[in-house]
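Here is the structure we will look at, set down as structure tokens.
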Amino acid sequence: MDLKTHMAKARARVLLKSAFFGTLLVTTPSIITRHPRIDTAATNGLKVWYNADYIEPLSTEKLMGLIAHELSHIALMHMFRCQHRDPKQWNIACDHAINLMLLECGFELPERGHHDPKFRGMSAEQIYDMLIEEQPPQPQGGSGSGDPGDDGEGGDQPQPGDGEGDGPSKAPAAAGQGVPGIGADLIEEDFDDPDAARAAQDEAKRRLVQAVNAGRMAGQLPAGIKRQLEELIHPPVSWEDVLRPYMQSLVADDESWSHRNRRFSNVYLPRRSSPSLGKAVVIGDTSGSITDADLKLIGGAVVSIVEDTHPEVVHMLWADTKVAGRQVFERGDTVELEPAGGGGTDMRVPLAEAAALEADVCILITDGYTPWPDTPPEFPVVTVCTTDAKIPFGEVVRV
């Protein structure tokens, strides 16, 4: 069996086995190369390189495991999470987390992988901390490919024409050659422009959200994957930053030098004031398409809004095709949420009620699959969207 057929067979089997990995697979370019800097396989978070000599003798099942392993690095954005950590130890920690997850999902892995059962259920960060406690950090540097512990020496700068397969043939440069490596199979792109780095992370996150949604819709999002992706898909939102444009100076909480304290005419003293939110209306989508995780997100968002922005009052509207439940929280109240609803979806109805309540700002938390008003509301709307659905107006926060 030639290499392209071998790879195509394994890719097809991955597509059939998992909607999550299948979606990542079709959106991630893959390159077969014989460049010596790629011992096994490697990824920079946007594409994957496979060493032809390494994958040729692998069984279809083990090649599927290798494909899923590299896609997992991409899904968990390990290239962007290394930060100050020792690169090789970080890669080993990531491999433990990934391989334990893949074994749980029923994948067969090639030999030489890290999957110590004592790390089961841990994040890569937790595993890394334990590895560092067990042994001193390894020297900085690392290699763009190969096994953990490979010193990355040797080999020339890859040139066009070194690779073969279903993508661009140029293999990535490795450590010390323009692109620093992270351990064995993670390649950290050397972005000159911070905007390009952010764009790469945004693109990786976009692909991840697509894959998670596909896995959810197919009912094929394994628990191990879901557990590790939870914080990446639903990171904490700084509501004070999001709602800053709509915050008003309503209560005297902090000293501010931007306004003079007029009680003292002969000296310049600060006035006690701080920006706080006025009347906020929060709409929680409780339609049938909303998952338990989405409801958890809504609850966490409401608590954070109250704690971060100190609103005068929050009107909580639970809605599907109608407003199925209403709650009111004033400053200082304990937030105890009581979701209601569960039918179809029509966010036009709660938006109309938000207008009647004369909201200073409306925060709508939804999957976005709803009819929208023909004209934007006259009050500001911040939509927190759990999918890639198009939102026709206002500020949008994707989680």
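The values are calculated or read from the model by the stated rules, or taken from the named source; none is laboratory data. None of these values were measured; they are calculated from a predicted model. Glycine gets a Cβ as well: all are built from the backbone with ideal geometry, and neighbour counts include every protein chain shown.
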Would region 41-56 turn up any residue that is in contact with an Asp or Glu (Cβ under 9 Å, 6 or more places away or on another chain), part of a helix (DSSP H, G or I) and under 26 Å from residue 19 (Cβ atoms)?
no
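Which of the helices (runs of 4 or more DSSP H) found entirely inside region 218-327 contain at least 2 residues meeting this: under 26 Å from residue 208 (Cα atoms), under 32 Å from the mean Cα position of the chain (by Cα) and modelled with pLDDT of 80 or more? Before you say what the answer is, go through the steps one by one.
Working: elements: 223-233, 239-242, 292-309.
So the answer is 292-309.
Among 332, 342, 394, which is the only one that is at pLDDT 90 or above and out of contact with any helix residue (DSSP H, G or I) (no Cβ under 6 Å at 6 or more places or on another chain)?
On the way: 332 fails: at pLDDT 90 or above; 342 fails: at pLDDT 90 or above.
One residue alone meets the criteria, 394.
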Residues of region 374-388 that turn out to be in contact (Cβ under 8 Å) with a residue 12 or more places away in the chain and either part of a loop (DSSP other than H, G, I, E, B) or outside the structural domain of residue 300 (by TED's automatic domain parsing) (or both), as a count
8
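In this structure, does residue 375 turn out to be among the polar types (S, T, N, Q) and closer than 16 Å to residue 316 by Cα? Let's see the steps before the verdict.
Numbers: among the polar types (S, T, N, Q): yes; closer than 16 Å to residue 316 by Cα: no.
Criteria not met by residue 375.
Among the candidates 112, 37, which residue alone is surrounded by 24 or more Cβ atoms within 10 Å (Cβ to Cβ), out of contact with any helix residue (DSSP H, G or I) (no Cβ under 8 Å at 6 or more places or on another chain) and outside any strand (DSSP E or B)?
From the options 112, 37, the qualifying one is 37.
Residue 375 - would you say it is under 27 Å from residue 293 (Cβ atoms), among the polar types (S, T, N, Q) and at pLDDT 90 or above? Working first, answer last.
Values: under 27 Å from residue 293 (Cβ atoms): no; among the polar types (S, T, N, Q): yes; at pLDDT 90 or above: yes.
Spelling it out, it is not the case that residue 375 is under 27 Å from residue 293 (Cβ atoms), among the polar types (S, T, N, Q) and at pLDDT 90 or above.
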